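Below is one structure, written out as structure tokens, with a few remarks after it.
The values are calculated or read from the model by the stated rules, or taken from the named source; none is laboratory data. Worth saying up front: this structure is predicted, and the values here are computed from it rather than measured. Positions of Cβ are backbone-derived with ideal geometry, glycine not excepted, and every protein chain shown enters the neighbour counts. Each accessible area value is taken on the protein alone, full model and side chains, heavy atoms only, with ligands, DNA and RNA left out. Shrake-Rupley method; radii C 1.70, N 1.55, O 1.52, S 1.80 Å.
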Amino acid sequence: MQLSNYHSHCTFCDGRSIPEDFVRFAITHGFRAYGFSSHSPLPFETFWNMSKDDMPEYLQEIKRLKQKYSDQLEIYAGLEIDYLDETYNASIPYFQELPLDYRIGSIHFLPVSERLVEENMVCIDGSFREYAHSVERHFEGDVRLLVKRFFDTTMKMIEAGGIDIVGHMDKIYMNGQKYEIFNFEEDWYRKPFEACLDLVQEKGLMVEVNTKNWTKKKELYPRVEYLSRMREMNIPVMVNSDCHYPDLVNDGRKEAFKLLKQAGFKSTRELVKGKWQDIASRIYFSAYTGRIANVPQRSLDETCHNVPS
């Protein structure tokens, strides 16, 4: 089982503990690698996102932790970067020039105006009350129109590039499924999502299996039903907990790996000494403990396949 995590949030954004607390948890629980991915700065300030002014301190703190724990854990600096429009996304120079190890592309906000300010954003990741209000106000009361906008924007994000990983790529269903009309099998939902998968495959990107809501809601992003399809398409995946608390770093991982195994996955993708590798899941998984074994580097090398960084 892959004991690494590349999607996590700390006090530099809306996480609830300092970065070192997450590192200590990862080491205590036998992790091999750990990556931070704070919510990137936006053109406007929010509770969730980093401020641009904090970016140097964020990068410096992760660098300090890399050095301090170098003999116990591989630590990586990333960002979860919002795609807003063609002027503000992971591909712009600001994000490309940051000394990051990887970039996750996600969608939390959908602009309803060219002016990129918070009051012109539809948040797809908040409360259902706010979500429903946005559907009524901006999408004629039809959740299908919001779903279309979300997947259209996801396609634009993938096309724009500048990312390594697509984050929680169908989280639009978290609130959307509460509508009676919502149906995963209808063409208005299924076809645009599958088109996003086709583009992910074409661009050679990775997709995270996001376990943030597995324990509470038994929801994965992407949905369990799409894991087999991604395996058929040879889309590389990793399991990320999207944690905001240190004790949730490993939440849902064991269950997600069982589902991946059932879907036919033999490996997951990880950073090993700074390079993306496909690692056979079997070298980590113990049927008795679900914990990482003390695997010699030689054995790790033998089960890794280099992929383009």
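Quick notes on this one:
- Segment 117-148: number of residues that are within 27 Å of LEU205 (Cβ to Cβ) and either surrounded by fewer than 20 Cβ atoms within 10 Å (Cβ to Cβ) or touching a Lys or Arg at 6+ places or on another chain (Cβ under 6 Å) (or both): 6
- Residue count, segment 56-79 (criterion: farther than 15 Å from PHE22 by Cα and touching a Lys or Arg at 6+ places or on another chain (Cβ under 8 Å)): 1
- GLU114 being open to solvent by less than 60 Å² (accessible area, probe 1.4 Å), out of contact with any Leu (no Cβ under 7 Å at 6 or more places or on another chain), outside any helix (DSSP H, G or I) and acidic (Asp, Glu): no
- The requirement of being of a type outside the set (Phe, Trp, Tyr), assigned to a helix (DSSP H, G or I) and either modelled with pLDDT under 95 or buried (at least 22 other Cβ atoms within 10 Å of the Cβ) (or both) is fulfilled somewhere in segment 166-177, by at least one residue.
- Test: residue in segment 23-30 that is surrounded by 17 or more Cβ atoms within 10 Å (Cβ to Cβ) and either among the small types (Gly, Ala, Ser) or under 30 Å from LEU116 (Cβ atoms) (or both): yes
- Residue count, segment 178-212 (criterion: open to solvent by less than 10 Å² (accessible area, probe 1.4 Å), in contact with a His (Cβ under 9 Å, 6 or more places away or on another chain) and of a type outside the set (S, T, N, Q)): 1
- Criterion: open to solvent by less than 20 Å² (accessible area, probe 1.4 Å), in contact with a Cys (Cβ under 6 Å, 6 or more places away or on another chain) and among the hydrophobic types (A, V, I, L, M, F, W, C) - qualifying residue of MET55, MET50: MET50
- Evaluating THR28 against the criteria (1) of a type in the set (S, T, N, Q); (2) at pLDDT below 95; (3) over 20 Å from ILE107 (Cβ atoms) leaves one unmet condition, (2).
- Candidate set: segment 241-260, residues that are in a helix (DSSP H, G or I) and not charged (D, E, K, R); chosen: the one farthest from SER281 (Cα to Cα): PRO246
- Filter pass, GLU219 being more than 16 Å from the chain's Cα centre (by Cα) and in a loop (DSSP other than H, G, I, E, B): no
- Whichever residue in segment 76-111 is buried (at least 17 other Cβ atoms within 10 Å of the Cβ) and aromatic (Phe, Trp, Tyr) and, among such residues, is farthest from LEU42 (Cα to Cα): TYR76
- Evaluation of LYS218 against the conditions (1) in contact (Cβ under 8 Å) with a residue 12 or more places away in the chain; (2) surrounded by fewer than 20 Cβ atoms within 10 Å (Cβ to Cβ) shows that the sole unmet condition is (1).
- All positions within segment 34-47 that are open to solvent by less than 50 Å² (accessible area, probe 1.4 Å), under 20 Å from HIS244 (Cβ atoms), out of contact with any Lys or Arg (no Cβ under 8 Å at 6 or more places or on another chain) and assigned to a loop (DSSP other than H, G, I, E, B): SER40, LEU42, THR46
- Scan of segment 245-260 for residues that are in contact with a Ser or Thr (Cβ under 8 Å, 6 or more places away or on another chain), surrounded by fewer than 22 Cβ atoms within 10 Å (Cβ to Cβ) and free of Cβ contacts under 8 Å to residues at least 60 places away in the same chain, ordered by number: LEU248, ASP251, GLU255
- In segment 261-278, the residues that are assigned to a loop (DSSP other than H, G, I, E, B) and in contact (Cβ under 8 Å) with a residue 40 or more places away in the chain: LYS273, GLY274
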